[in-house]
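Take a look at the structure set out below.
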Amino acid sequence: MITIDDLTKVYGSRTVVDRVSLTVNHGEVLGLLGPNGAGKSTVMRIIASAVPPTSGRVRVMSCDTVTESIKARRCIGYLPEHTPLYPDMKVESFLSFAARIKGGRKNGVKDRVRNAVIEFGLEEVRNRSIATLSRGYRQRVGLAQAMINDPPVLVLDEPTQGLDPEHAYEIKQLVKDLSGSRTIVLSSHVLSEVSQLCSRVAVLKKGRVISVDSTEELVSRHQNHTRITIRVGERLDQALKMIEAVEGVISASSSNSQVIKAETVRDRDLRPVLAERIVKSGIPLLGIAREEMSLEEVFMKLVAGEDATRA
Amino acid sequence: MRSIYLKELVQYFSSPFFFVLACVFVGVAGVFFYNAVAYANLLATQMSQYQAPGGISVSAVILRPLFMDMSLLVILLVPLISMRLYAEEKAAGTMELLFTYPVSDLKVLLGKYLAGFSVFVLILAFSGFLTALLAVATTPDWGVVLASYTGLILMGGTVLALGVFASSLTGNQTIAAAVTIGGVLVFWALGWFADTVSSGYLGAVLRELSLAGHLSRFFNGLITLKDVVFYLLFAVFFLAVTLRVLDFHRCRG
């Protein structure tokens, strides 16, 4: 479990993290979202004890990351952004080093390294120098070192950054498997990934948390309209005019010769009414569906909305 | 601390750098040794020609010049050992990783320092075969040999501490080595400036701070507490300053 109270980090005259308060419960996966420079990585570094806060406090498994730093660090597996590793070390000797330095069972170092090599699919490269590894393998080694002592808390900064779809999928599967048994904080620029993996999302902007919610609640809270997509066989213009005339339709537009997208009021499902009108007028109706707002749209709205509010 | 120490040793020995450094050090020390022996031989020949009474002093003619030359080699060798200790971590971004492992900065520092120190002592030990070679032909003063090696080890440890400090300042290993060599040369030459700058209190302080001044007694076969404490305090001072630099880096992120 992680508790962040009124966390602030100032570099010179620049406030990078501004009074952030968050709680991440056991077994929960919290996603940190935000544009570049929002303070996501700094928050993660502070949680991982890499950087002390200017004010406020962070507790990991009830250990203060400043006053009980070593104890707190024992509970954390951290994967920094860009996965820094020792290029001249071999995979196995680096993992042995990580296992030894993170402590725990003395005789278990070999076992832990062997398990990590198997779990993260590193058998083929176990005796290879890290400098010669592909991006995907480097990321796996980074994750393996983070989890080598089986920590209850994982802090993963952009865990799938720069990976091809296959490797990214593997890492996502891994995080999914770990969720429930571990407390995980991760950041990503891939919003679909965050919505798949995270039970809650904290949106940061200019060092401040502007929203914390589950992805579903976040989407539903910021969705003012309902979007309905209608596919017709012919007479698109006639169908468009008809749809615009229906009470509750805010706007309608067509993107090609068959598809009409209508923004409707949120409190009513207008699909039956729209379908009935189109069918009655003899226009062939090929399909009608309601679309949820994507997390990306909510994110853009939140970030832009904050700017508008401040202005 | 042990895991950091072992990791550093693995990194030193996993590249040809260590072997190249050891070969160059021993090779150049061998040239110095040959030169000292050749000079002693010439001296002995001349003495026999002129039928001079007594023999030549192996300590004065071979050992002292050899160890004096080796001390200059140590000044160049140790910065090459220390330059990577923190600069490499900074350049690779692994400092951040290291900061998050459950080990204190002091233990990391000591692990790194001791690994560098072990590598230095190991390379220095390779030069031991030169005195062994000398022992085949003559009987060297083992007291001078032991004291000289003690002096070189202590001075090497001091230079290493300065090197670790320089390495913590930058992510560029070449700059770290250059700063160390520059710093050592300044402390080496302080004794030379002492007389020209001032003959009073300042001169005495400069003389006491000179790395070379403290070394000469070891080469005469004398191990004094004052010299040992000087080198130890010098090393502790730079290690303590390095800790402050690391703390600064941690706060700055």
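Annotations for the structure displayed:
- Here's the list of lysines a cross-link from residue A:280 could span, going by alpha-carbon distance under 17 Å and ignoring same-chain residues fewer than 8 apart: A:241.
- Cubic angstrom per residue, convex hull over Cα atoms of segment A:1-87: 117 Å³
- Size descriptors for chain B (Cα atoms only): Rg and Dmax, in that order, 20.3, 73 Å.
- Prolate is the label for segment B:47-89, because a/c, from the alpha-carbon gyration tensor with a ≥ b ≥ c as root eigenvalues, is 1.5 or above and a/b exceeds b/c.
- Whichever lysines have a C-alpha closer than 22 Å to that of residue A:90, once near sequence neighbours (fewer than 8 apart) are set aside: A:102, A:106, A:110, B:7, B:90, B:112
- Normalised per residue, the volume of the convex hull around the Cα set of the protein assembly as shown (Å³): 212 Å³
- GNM result for chain A, Cα springs below 10 Å: residue of A:38, A:275, A:168 fluctuating most strongly: A:275
- Given charges at beta-carbon only (K, R positive; D, E negative), |dipole| of chain A in Debye: 940 debye
- Tilt relative to chain A, helix A:91-101 - C-alpha long axis, 0 to 90 degrees, to 10: 70 degrees
- Unit charges at the beta carbon, dipole of segment A:2-220: most positive-side option, A:199, A:98, A:24: A:98
- Rounded to the nearest 10 degrees, the angle from helix B:128-137 to the longest Cα principal axis of chain B is 10 degrees.
- With Cα atoms, 0 to 90° folded angle of helix B:2-13 axis to chain B main axis: 60 degrees
- Choice from A:125, A:259, A:212 with maximal GNM fluctuation in chain A (Cα, 10 Å cutoff): A:259
- Efficiency of FRET from Cβ geometry, residue A:82 and residue B:192, R₀ 60 Å, rounded to 0.05: 0.80
- Charge dipole (Cα centre; +1 on Lys/Arg Cβ, -1 on Asp/Glu Cβ; no other charges) of the protein assembly as shown amounts to roughly 620 debye.
- 25 Å Cα-Cα threshold exceeded, pairs from A:176/A:206; A:9/A:205; B:107/B:226: A:176/A:206; B:107/B:226
- Dipole axis of segment A:224-291 (+1 Lys, Arg; -1 Asp, Glu on Cβ), positive-most option in A:282, A:238, A:252: A:282
- Look at the Cα gyration tensor of segment B:98-196: its axes a ≥ b ≥ c give a/c of at least 1.5 with a/b at or below b/c, and that counts as oblate.
- Viscosity 0.890 mPa s, 25 °C: Kirkwood-radius Stokes-Einstein D of segment A:107-218 over Cα pairs, µm²/s: 159 µm²/s
- Calculated FRET value between residue B:220 and residue B:252, using beta carbons and R₀ = 56 Å, to 0.05: 0.75
- Paired Rg and Dmax values of chain A, which use every Cα atom, in angstrom: 24.4, 78
- Computed from point charges on the beta carbon alone (+1 for Lys and Arg, -1 for Asp and Glu), the dipole magnitude for segment B:2-252 about its Cα centre is near 340 Debye.
- Per-residue ellipticity at 222 nm, computed for the protein assembly as shown from helices alone with -39500 (n - 2.57) per DSSP H run of at least four residues, works out to -18500 deg cm²/dmol.
- Segment A:224-291: C-alpha gyration tensor shape, a/c 1.5 cut-off, then a/b vs b/c: prolate
- Among A:41, A:281, A:69, the largest mean-square fluctuation in a Gaussian network model of chain A, built with springs joining Cα atoms closer than 10 Å, belongs to A:281.
Throughout, read-outs are computed from the coordinates displayed, never taken from laboratory work. Small disclaimer: the values here were computed from a predicted structure and weren't measured. Methodologically, a virtual Cβ is constructed for each residue, glycine included, from the backbone with ideal geometry; neighbour enumeration extends over all protein chains shown.
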